[in-house]
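The values are calculated or read from the model by the stated rules, or taken from the named source; none is laboratory data. Because the structure is a prediction, the values reported are computed rather than measured. Counting neighbours? That spans all protein chains shown, and the Cβs are built from the backbone with ideal geometry, glycine included. For accessibility, only protein heavy atoms count, side chains too; no ligands or nucleic acids. Shrake-Rupley method; radii C 1.70, N 1.55, O 1.52, S 1.80 Å.
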Amino acid sequence: MTKMQRLIILAACTCMALTCLAAAPPDRQVAITIDDLPAANAYNMSAVDITQMTTKLLASLRQQNIPAVGFVNEKKLYRTGEVDERIKALEMWLDAGFELGNHTFSHTSLNKAGLKAWEDDVIQGESVTRLLMAQHKMTMRYFRHPYLDTGRDLQTRRDAEAFLVERGYRIAPITLDAWDWMYGAIYEDAKKRGDTALQQEMVSSYLAHSDEVFAYYEQLSKQIVGYEPKQILLLHANWLEADHIGELADLMRKRGYHFITLEDALSDQAYSLPDTYVGEEGTSWLDHWAITMGKPLQGFPEVPASIMERHAALTKPHAP
C-alpha cells in the first residue's frame with residue numbers, strides 16, 4: 001500500500017467518523033410529570049374508566065422504564081359511591097413505584113383565587129395523598145401550580161413560595177409543554193364515539209406538535225441558559241397518554257432524550273436561575289428565565305388552528 005493510498009483511507013475513515021458524530025443525537029435528559037390525577041377528565045368518567053385508564057398508563061410507563069411524578073387534585077376523588085375506587089387509582093401509582101405530588105384540591109389558580117383561598121386549597125388537597133404516601137413510607141415533596149399560575153404580582157408569588165416551603169414542598173417547574181390536555185380532550189371524545197380516524201389524526205398532530213415544541217425549547221435553552229438543562233415535561237392523566245405515551249417516548253429518544261427522576265432534573269443549576277416572572281398566564285420556566293433576563297420570546301410553535309377550533313367547539317356550552 002502506497003503512502004497516498006494510506007492517506008486516502010485515513011481521510012475516508014475520518015470523514016465517516018465525523019458523519020457518524022454529526023448524525024448522533026445529543027445526550028439529553030428529561031423528567032416526566034403528569035398532572036390532574038386521578039384523571040384529567042375525572043368529572044366525566046366513572047371510577048371503572050379511571051381505573052382502566054390508570055392501569056394502561058402505568059403499564060406503559062413501567063414498560064418504557066420511565067420514572068414519573070403524578071400530581072393530584074383530591075376533589076376528583078369525591079363522587080358518591082366511588083370514593084374508595086377512585087382512591088385506589090391513586091394507590092396504583094404508589095404500588096407501581098411512582099411518586100405523587102399536590103396539585104391543589106380543586107385545581108385552583110393562584111392568579112384568580114387570591115393567596116388565602118389558594119393556601120386553603122393546597123392544604124385541603126393533601127389530606128388523602130399524604131396518608132397514602134405515609135402508608136408507603138413516603139413523604140410529599142412536590143407541588144405543581146394549577147395552570148402554571150405562579151402569581152399576578154411578585155409579592156404574592158414570593159408569599160406563596162414561602163407558604164409551600166413551610167409545608168415541606170418544592171415547586172415542580174416545567175420546561176416542556178405541548179398542550180396534550182387540548183389534544184387529549186378531542187381524543188377522548190373521539191374514543192367515546194368510536195371515531196378511530198379522528199383519534200389517529202389527534203395522535204399524529206400531537207406527536208408532530210410535540211416534536212416542534214421540543215425543538216423550540218432546546219434552541220431557547222441554549223440561548224437563555226447557555227446549554228440544554230435537564231428538562232421537565234408536563235403531561236396529563238388522560239387516554240391520549242395512556243394509549244400513546246410509548247410513541248411519545250420513542251419520539252423523545254430519537255431526539256436523544258433519556259428519562260430521569262424529577263429529583264435528578266431539579267439538581268440542574270438552571271433551576272436556581274433568577275426568576276421574577278409574573279403574569280396572567282402560566283408558562284414554561286424557560287420563558288420565565290428569558291423574560292427575567294429581558295430577552296424577547298418569539299417563534300413558539302402554535303397549536304394548529306384546526307385543533308384549537310375543534311377543542312373550542314367541544315367545550316362550548318350547549319343551549320338547553
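The table for this structure:
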{"read-out": "Rounded percent of accessible protein surface that carbon and sulfur make up, the chain, 1.4 Å probe", "value": "56 percent"}
{"read-out": "The chain: angle of helix 3-23 to the longest principal axis, Cα-based, in degrees nearest 10", "value": "10 degrees"}
{"read-out": "When the convex hull of its Cα atoms is projected in every direction, mean area for the range 141-217 (nm²)", "value": "7.0 nm²"}
{"read-out": "Candidate lysines - alpha carbon under 19 Å from K112, same-chain residues fewer than 8 apart omitted", "value": "K75"}
{"read-out": "Heavy atoms of S272: accessible area, 1.4 Å probe, square angstrom to 10", "value": "100 Å²"}
{"read-out": "Largest-first principal axis extents of the Cα set of the chain (Å)", "value": "86, 49, 45"}
{"read-out": "FRET E, pair R79, K222, Förster distance 45 Å, beta-carbon r, rounded to 0.05", "value": "0.45"}
{"read-out": "Acute angle (nearest 10 degrees) that the helix 83-95 long axis makes with the longest principal axis of the chain, alpha-carbon atoms", "value": "30 degrees"}
{"read-out": "Cα→Cβ-extended label distance, 7 Å offset, between R130 and D49, nm", "value": "3.2 nm"}
{"read-out": "Extreme residue, positive dipole direction of the range 77-137, given options S106, A89, L77 (C-beta unit charges)", "value": "S106"}
{"read-out": "Cα long-axis angle, helix 115-124 against the chain (0 to 90 degrees, to the nearest 10)", "value": "90 degrees"}
{"read-out": "Most positive-pole-ward Cα, A162, Y206, W118, against dipole of the range 106-234 from beta carbon charges", "value": "A162"}
{"read-out": "Charge dipole (debye, nearest 20) of the range 203-320; +1 at Cβ of Lys and Arg, -1 at Cβ of Asp and Glu", "value": "160 debye"}
{"read-out": "Efficiency of FRET from Cβ geometry, A305 and T261, R₀ 45 Å, rounded to 0.05", "value": "0.75"}
{"read-out": "Rough spin-label spacing in nm, given labels placed 7 Å along Cα→Cβ, for D250 and E91", "value": "3.5 nm"}
{"read-out": "Mean ellipticity per residue at 222 nm, deg cm²/dmol - from DSSP H runs of n ≥ 4 across the chain, formula -39500 (n - 2.57)", "value": "-17000 deg cm²/dmol"}
{"read-out": "Globularity index of the range 47-112, i.e. its alpha-carbon radius of gyration over 2.2 N^0.38 Å", "value": "1.19"}
{"read-out": "V48 - accessible surface, heavy atoms, 1.4 Å probe, Å² rounded to 10", "value": "80 Å²"}
{"read-out": "Rounded accessible area per residue of the chain, 1.4 Å, Å²", "value": "48 Å²"}
{"read-out": "Proximal lysines relative to K137, as straight alpha-carbon distance under 23 Å, when same-chain residues fewer than 8 apart are discounted", "value": "K88"}
{"read-out": "Rounded to the nearest 10 Å², the accessible area of T55 at probe 1.4 Å", "value": "70 Å²"}
{"read-out": "Measure of compaction for the range 36-146 (Cα Rg per 2.2 N^0.38 Å)", "value": "1.04"}
{"read-out": "Dipole in debye (nearest 20) - the chain, about Cα centre, beta carbon charges: Lys, Arg +1; Asp, Glu -1", "value": "700 debye"}
{"read-out": "Heavy-atom accessible area ranking, 1.4 Å probe, most first, across W239, W181, W93", "value": "W181, W239, W93"}
